[in-house]
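Here is the structure we will look at.
The values are calculated or read from the model by the stated rules, or taken from the named source; none is laboratory data. The structure displayed is predicted, hence computed values, not measured ones. Here the Cβ is made from the backbone with ideal geometry for all residues, glycine too, and neighbour counts use every protein chain on show.
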């Protein structure tokens, strides 16, 4: 809840400081993003009242500009591996901050390179000869007057990236930099003047933050996919190409079945992810409630789900953006389409806030634990309650009726059966590895392919279930009907992609597969008349989309010509490269 | 053959003109690329001796710099839809070149915007009141002295793109531009002084060029994938992260099964595509032979195969590049990895030289034709001979032996059965649509999802078969063994991805699927010790790879620090943005 407030605070604050001075695009990175989205909130969460006075007000006024320096050149996902040290010196009441190796150099924090004058640095705390693990420290980086790096601070930009050109992701090498004891963030953990360490009472708060941010990413995957679908589907209604029937006019490319097959399942997916994101945030708010009073027993499940869904939705959206881009033919490659920019901005979310494969394996750990509980005779509740049935063999490969039933509720059941089967197969793989004499860890590692698949199937089931539940709540019959079609399409398309699992689970026969394909084609044709309306409903304004191909008025070609004419290379009829390079070259030959 | 010479000629020429003056990276686009790779070769192929005198020598000397202007803003794949006109005026013995609409503006040609002073323009030829379809014309664009656009020439750069920053892809609007009759490329088609049109004798030559270029693209997909695998696999051997066994040192990330599962199948695919590219070029050379003497009866099959393989290999490589990039974690996102640049340079090949979905459907057309021939009782030969068996029901779903045989030759057979099944299902879909009263064209369009799948399966089978055949030729037992493992991995990995097809075809049972998965894991473990050697064998030199992560010496972190320090933003300790923006902003608040 705290964070929801922060996000909206940050947006407003961004607009205040952005007013006329700083160009801030809501969907583009900017060098103050980490200051607003992480530095200020971390102070709010972890600073003592004294630290709030000393740091928060100047930070709010942008006198202090901060970043959050956690990742190191050689260490990302595995936090325990971070090497930066903060060694307490009781003689001077200071911490000595140090980067002992090249791999320990802080790497990637946004705004670190050139913009920030402070950083919250995560470092291994050493005091009284003992390491107490990661703690957070406020480290001044640059002089407040001249902005010059302070002594012992080796700092700079890490160089060009795939995208985020406007953000100075930076590096920071600390060379025995001394900061006062009072610069450790001490609301929870503390180092006393004598050097004794006081542990934090609970780590639930940071745990919650992670869940919250991953839930936001899930919704964001839906937003981004909805933007791309808007662009590609509008353009596909404007673009005419080739012929379906000889001699007739070139049809809208949206009339080609292959184009529908690329775009409509993604349209359904965009809605699915938006609903999933909403569900996650709602659940988070419900569970965390007033943080001090909340019953947090559901948190582990939400944590597991948020990890897997973060990976599931970002991977899917990541691929989907590129499908949308390529479905626009050559013009998708032009930055006038906005699709290349959307891709390079979005794709890091497969890596940051928890690398996706690692995320899938976190969810898998929860699934395996749940599976073992069922095996031990416990009755599970919540999202994994379907595993109860595995144990009772209700879901073992079963006879399939000759008449294939593909209604939405049945499909949710089939996805449940698929997930249960893959969870069971992963558990069996671990058991078999153990039986072959492998230690627990090697058994796990040798089963990770199966574990990722199990998590993936679990997430797929959960997203479909949330979609179905959402559809069930819709009262307007028209909206209910079209959303129901989309949910159905989402389910059937996934079934087409993972036919093998459903066949393997014995809930589908080879002879029935063509019916699934026929059902899919029927749904594509059903979506066709509403497709443009369904992307209009996302309500992305032209200014935010910033795409020549995705214009609401469909005036694509005139706009593309205008956009091209304003290319920087067109400032002069004869570009300077002619005089500088071509003419001398021609003269030589 | 002619083209092979051109390619190597162009490379040499590039080096000659590149000597010290022009920075040319072999794998990066440059503004003279189309001049060398298309303008000069087109002159060689289609110019008359008189035109060779007038245009070729000055072009070779870079006095004339040309581009190839075919694609229009509103028209790509469908050549008949191009709108630019060339109307013959017998009174002045000139062609009037004209862009009648916004959509007819030439769009995308490389080097058109600012560099070229001539273009070969593809236009609909009108003479004596009749349209004779597309022909090629040499149109002067800019004055030879001043480089200023000539009258009636509206020309410029089309603006920023995903990549190809160094290439001025351009637009060209022709406003009743007159060129002499002698500027039509007349080696084959001709317009006589009286305006009468002489048709070309054969279109086989251009047909052959297309096949040749697509074959090159197949090999290039292999090269690019081999570069990415080199980078990702080397880095995965350098990078240590997390833990497999508690308390032990962080392992190389290449020891994680999930990492192997991402990279080793791509390594196998890189080899597969390199062999496929080699096969295509060899076959092209064999078939075309001395072009005047060659028996071109095999050409339609090669044409069909080259279309599908172009799509199959570029789609796979395109996805694979991103898998490699993301397998490098955050650092893959840095341009120091080279992977972002490789992606943006490669991804257009899914669209150019034939949009991939259209390509797949061209192959499908050939497959459907072959299937109909089998149905009519003909015996097929060549790549599609496996369809003979469909007709005789030898490959209909068959009993599977309880002991799963997964040796390489069996796998090739299973892929054959899969392809045959999908070809048959696509044909049945068309027949069913017809039976429902749809016209031939609608039946086709309503079956294109199935048709693309059939082509995909056909290509997959062909690539595996070429891989197996290549392995069979290897005499060195060590090389044979490791290549055999890779071919096996390629086959088993595909089987895992398309389990549904094999189950549906009845050549696999649900109970056997875990054996496929077990086999896959065994192969990954088998490849592990040779993985780095297998990418070293591609022999990509550091200078060409240009990747900090993919360095041969493995000195990744030192090099990354050095690369970062040379970032343009680091030229000064305090960036100008501080004085320009931050300071005034801070003063205001």
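A few remarks follow.
- Selection from the range A:484-495 of residues that are farther than 15 Å from residue A:529 by Cβ and crowded, with 19+ Cβ neighbours inside 10 Å: A:487, A:488, A:490, A:491, A:492, A:493, A:494, A:495
- Looking across the range A:557-579 at every residue that is under 19 Å from residue A:240 (Cβ atoms) and within 9 Å of another protein chain (Cβ to nearest Cβ), the one that is surrounded by the fewest Cβ atoms within 10 Å (Cβ to Cβ) is identified as A:558.
- Residues being at the interface with chain A (Cβ under 9 Å from one of its Cβ atoms), in a helix (DSSP H, G or I) and surrounded by fewer than 21 Cβ atoms within 10 Å (Cβ to Cβ) - total across the range B:426-439: 2
- The set of residues from the range A:519-544 being surrounded by fewer than 16 Cβ atoms within 10 Å (Cβ to Cβ) and facing chain B (nearest Cβ under 9 Å) comprises just one member, A:525.
- Hey, residue B:236 touching a strand residue (DSSP E or B) at 6+ places or on another chain (Cβ under 8 Å) and buried (at least 24 other Cβ atoms within 10 Å of the Cβ) or not: yes
- Residue that is surrounded by fewer than 22 Cβ atoms within 10 Å (Cβ to Cβ) and within 30 Å of residue A:547 (Cβ to Cβ), where the choices are B:187, B:173, B:199, B:192: B:173
- Some residue of the range B:315-337 being away from chain A (no Cβ under 14 Å) and in contact (Cβ under 8 Å) with a residue 40 or more places away in the chain: no
- Elements of type helices (runs of 4 or more DSSP H) contained in the range A:448-566, each with 3 or more residues being within 30 Å of residue B:74 (Cα to Cα): A:513-527, A:531-536, A:542-545, A:556-565
- Taking the criterion of being surrounded by 24 or more Cβ atoms within 10 Å (Cβ to Cβ) and farther than 30 Å from residue A:29 by Cβ, the only residue of the range A:89-121 that qualifies is A:95.
- Residue within the range B:213-224 that is modelled with pLDDT of 95 or more and closer than 19 Å to residue B:328 by Cα present: yes
- Residue ID - nearest to the other protein chains (Cβ to nearest Cβ), chosen from residues in the range B:470-505 that are farther than 19 Å from residue B:266 by Cα and touching a residue at least 24 places away in the same chain (Cβ under 8 Å): B:504
- Residues that are crowded, with 18+ Cβ neighbours inside 10 Å, modelled with pLDDT under 90 and part of a loop (DSSP other than H, G, I, E, B) within the range B:377-403 comprise just one, B:395.
- Number of residues in the range A:349-370 that are more than 8 Å from every other protein chain (Cβ to nearest Cβ) and not in a helix (DSSP H, G or I) equals 2.
- Only one of the numbered conditions (1) closer than 26 Å to residue B:486 by Cα; (2) at pLDDT 95 or above; (3) surrounded by 21 or more Cβ atoms within 10 Å (Cβ to Cβ) is not met by residue B:447, and that is (1).
- Any hit, the range A:63-76, residues being modelled with pLDDT of 85 or more and surrounded by fewer than 18 Cβ atoms within 10 Å (Cβ to Cβ): yes
- Only strands (runs of 3 or more DSSP E) whose full extent lies in the range B:141-248 are considered here, and the ones with at least 1 residues that are within 14 Å of chain A (Cβ to nearest Cβ) and touching a residue at least 60 places away in the same chain (Cβ under 8 Å) are B:170-174.
- Filtering the range B:328-363 to residues that are modelled with pLDDT of 95 or more and on the phi > 0 side of the Ramachandran plot leaves B:329, B:338.
- Test result for residue B:252, at pLDDT 95 or above and under 30 Å from residue B:460 (Cα atoms): no
- Candidate set from the range A:338-348 (those that are touching a strand residue (DSSP E or B) at 6+ places or on another chain (Cβ under 9 Å) and touching a residue at least 40 places away in the same chain (Cβ under 8 Å)); member that is nearest to the other protein chains (Cβ to nearest Cβ): A:348
- Test: residue A:197 is more than 30 Å from the chain's Cα centre (by Cα) and modelled with pLDDT of 95 or more: yes
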